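What follows draws every value from the coordinates through simple rules; no lab data is involved. No experiment lies behind these values; they were computed from the predicted model shown. For neighbour counting, all protein chains shown are included, and Cβ atoms are generated from backbone atoms with ideal geometry for every residue, glycine included.
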Amino acid sequence: MATIKESWEKTAGYKTTFSAVLLSLFEIFQVIAPEAMPDKWQGVTYKAIGIMGTTGIIDKVWRNRKKIKSYIYDIFHK
C-alpha cells in the first residue's frame, strides 16, 4: 500500500498538465489526419483524457482542502 501512495504522490501536479498536453497533441493529430481514427475511438480518447484531467483537478482540490475550507470560512466570517 505504501508503494501505491508513493507512486501517487510522485504524480502531483503532472496529471492536469499532461492531460492538457495530450489533448493538444490529439487535436493536432485530428487536424493533420482527421480520417485516421474512427469516431468511436475518438470518443474513447476524449473520455480517457478527460478522466485524467478530472483526476488531477480532484487531487489538487483534495490536497488543498484545508486552504479552501479556510478561504470559504474567511469569506463568511469577516
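Numbers at a glance
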{"read-out": "Helices (runs of 4 or more DSSP H) completely within the chain that count 2 or more residues being of a type in the set (A, V, I, L, M, F, W, C) and under 13 Å from the mean Cα position of the chain (by Cα)", "value": "15-32, 39-63"}
{"read-out": "Cβ pairs under 6 Å, 6+ apart, first in segment 1-24 and closer than 14 Å to residue 50 by Cα, second surrounded by 10 or more Cβ atoms within 10 Å (Cβ to Cβ) and of a type in the set (S, T, N, Q)", "value": "15/55"}
{"read-out": "Filter result for the condition that a residue is surrounded by 10 or more Cβ atoms within 10 Å (Cβ to Cβ), among the small types (Gly, Ala, Ser) and within 23 Å of residue 11 (Cα to Cα), over 50, 43", "value": "50"}
{"read-out": "Criterion: in contact with an Asp or Glu (Cβ under 9 Å, 6 or more places away or on another chain) and of a type outside the set (Val, Ile, Thr) - qualifying residue of 20, 12, 48", "value": "12"}
